[in-house]
Amino acid sequence: MNTTKRAGLALLALSLAGTLAACGSGGGQEQGGAAGGDVTIDYWLWDDKQLPVYQACADAFHKANPNVTVKITQTAWAQYWQNLTTQLAAGQAPDVWTDHGSYYPQFVSSGQIMDIQPFVDRDKVDLTQYQEGLADLWVKDGKRYGLPKDWDTVALVYNTTMLAEQKVKPAEMADLTWNPADGGTLQQVIAKLTVDENGRNGLDPAFDKSKVKVYGFLPEWGDGSQGQNGWGDLAVANGWTYLDKNPWGTRYKYDDPKLAQVIDWYKQLIDKGYAPKFDKQSTLGRDAVLNAGKGAMSFAGSWTISTFLGPDAEQKFALAPMPVGPAGTRKTAINGLSDAIFAGTEHKEEAWKWVKFLGSADCQDIVADSAVVFPAIKTASDKAAAAHQAAGRDVQAYLDPTKARGETFLLPITDHGNEISQIVQDAIQSIVLGQVGTAEGLKQANDQVNALFT
């Protein structure tokens, strides 16, 4: 959500320090009060856009619990995990932190995160109130390590001006198809939206791929081992599955030809000039390229709504659903965050009260009013959707998959997530750069990944 949440870009930092971490007996940073007195709960998050709304939650929480003050620290994504790892290694982590599915298995393995299932049972927390599947993400061996706080899905974002210039109707965007052989109608639209310096689009025989002015599509190549922003969604729509079971599987399937077909399809977009070469695109973020008018379309998570549909967007954008794949349905990853309690906190009851409040309608309705993310509680999510509608933002492309059967899938949660992310991302980038063949590179990566479990 958040997801802002580009796990593949920062997991290496965690891996460098994660093996040093051990649960200490101390609490978080300096905290106030003896037993029964005033208590300060240190709470960390990474998204600056969400800071104001969670401060509002903290204020509401303090009003209901006058002896407990929540001190919020916000740090940018990459620094966030590096700082957290350092604090965990010293046994001085915050009492509560915003957690991500790619990271928390390591916290579980190292005993740094508290099992909240006894508190959930004691306080009879209703787990059915959350979006389907999200509560299950945070459970291992009967122990629960978080309550869902939000969710995100993926859709196509496109430049409406460029669409009109190439005479592509918005209605066409709602019914796109994709396959790895010829790219379906998705590739046809990408070709039309690709324009060279002479104004010819990618379907024109005179199109000059060496002098592209606007690329029809911008792939995401810094996407870790999950491909949440594109290749993973298309691969699942192609009939692929990440691993033998999810969560907590032990055998990945990155060597499946169905995944290789997707990566090869992306490569031919580059070969045709419809997408930029990796070494050219990698220095700039997709958001910046789209807003600069140098790209027409990409996949984007719901955490980017304010980027593309907010008042600061430099171009006019709209959203379309994911294309229908060979398996006959659209597919988008659905991901979500939770809040973790440090196993070494000196204030377990107060930390749990805060986590329970974060996972309740009392807080998630506040989050919904801001519409900065979609809250995990279904009724609060509906309120966020209404807030977007009232502001004139059409976000149905993110909402509809959560209402349809079989259109969403959960990202993989296993041990060794940080190592897997780096192995797979490095392999895919090497493939795209032409340093290794697709099937060979994916098999090598898959062998390395599965060796972690033996």
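The values are calculated or read from the model by the stated rules, or taken from the named source; none is laboratory data. The model shown is predicted, which means the values in this text are computed figures rather than measured ones. All Cβ positions, even for glycine, are placed from backbone atoms using ideal geometry, and neighbour counts span all protein chains on display. Please note that ligands, DNA and RNA were not included when accessible areas were found on the heavy atoms of the full protein model with its side chains. Shrake-Rupley method; radii C 1.70, N 1.55, O 1.52, S 1.80 Å.
Figures for the structure shown
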quantity	calculated
Residue tally, condition closer than 16 Å to Y266 by Cα and either at pLDDT below 95 or open to solvent by 40 Å² or more (accessible area, probe 1.4 Å) (or both), over the stretch 433-454	4
Matching residues in the stretch 335-353 - criterion: being assigned to a helix (DSSP H, G or I) and either crowded, with 24+ Cβ neighbours inside 10 Å or among the acidic types (D, E) (or both)	E349, E350, A351
Conditions (1) basic (K, R); (2) open to solvent by 30 Å² or more (accessible area, probe 1.4 Å); (3) touching a strand residue (DSSP E or B) at 6+ places or on another chain (Cβ under 6 Å): number failed by R286	(2)
Whichever residue in the stretch 208-221 is open to solvent by less than 30 Å² (accessible area, probe 1.4 Å) and either out of contact with any Gly (no Cβ under 6 Å at 6 or more places or on another chain) or of a type outside the set (D, E) (or both) and, among such residues, is modelled with the lowest pLDDT	W221
Selection from the stretch 385-414 of residues that are of a type in the set (A, V, I, L, M, F, W, C) and surrounded by fewer than 17 Cβ atoms within 10 Å (Cβ to Cβ)	A386, A387, A390, A391, A404
Output for the stretch 239-286, where each listed residue is farther than 25 Å from I190 by Cβ and either in contact with a Gly (Cβ under 6 Å, 6 or more places away or on another chain) or without any contact (Cβ under 8 Å) to a residue 12 or more places away in the chain (or both)	L243, D244, K245
Sole residue being open to solvent by less than 20 Å² (accessible area, probe 1.4 Å), within 21 Å of M322 (Cα to Cα) and more than 23 Å from the chain's Cα centre (by Cα), chosen from V168, V154, V120	V168
Listing of helices (runs of 4 or more DSSP H) fully contained in the stretch 115-184 that carry 1 or more residues being of a type in the set (V, I, T) and in contact with a Gly (Cβ under 9 Å, 6 or more places away or on another chain)	160-165
Complete set of residues in the stretch 370-426 that are assigned to a helix (DSSP H, G or I), among the small types (G, A, S) and touching a residue at least 24 places away in the same chain (Cβ under 8 Å)	S370, S381, A397, G417, S421
Hey, L442 of a type outside the set (S, T, Y) and in contact with an Asp or Glu (Cβ under 7 Å, 6 or more places away or on another chain) or not	yes
Given (1) surrounded by 22 or more Cβ atoms within 10 Å (Cβ to Cβ); (2) over 19 Å from the mean Cα position of the chain (by Cα), index of the condition G417 fails	(2)
Residue count, the stretch 94-111 (criterion: in a loop (DSSP other than H, G, I, E, B) and either open to solvent by 10 Å² or more (accessible area, probe 1.4 Å) or at pLDDT below 95 (or both))	6
Qualifying positions in the stretch 55-76 - in a loop (DSSP other than H, G, I, E, B) and open to solvent by less than 70 Å² (accessible area, probe 1.4 Å)	N65, N67, T75, A76
Checklist (1) under 24 Å from K169 (Cβ atoms); (2) in contact with a strand residue (DSSP E or B) (Cβ under 7 Å, 6 or more places away or on another chain); (3) in a helix (DSSP H, G or I) applied to V236, failing item	(1)
Conditions (1) part of a helix (DSSP H, G or I); (2) open to solvent by 20 Å² or more (accessible area, probe 1.4 Å); (3) touching a strand residue (DSSP E or B) at 6+ places or on another chain (Cβ under 6 Å): number failed by Q79	(3)
Complete set of residues in the stretch 243-255 that are in contact with a Leu (Cβ under 8 Å, 6 or more places away or on another chain) and part of a loop (DSSP other than H, G, I, E, B)	N246, P247, G249, T250, R251, K253, Y254, D255
Residues located in the stretch 239-261, provided they are in contact with a Pro (Cβ under 6 Å, 6 or more places away or on another chain) and buried (at least 22 other Cβ atoms within 10 Å of the Cβ)	Y242
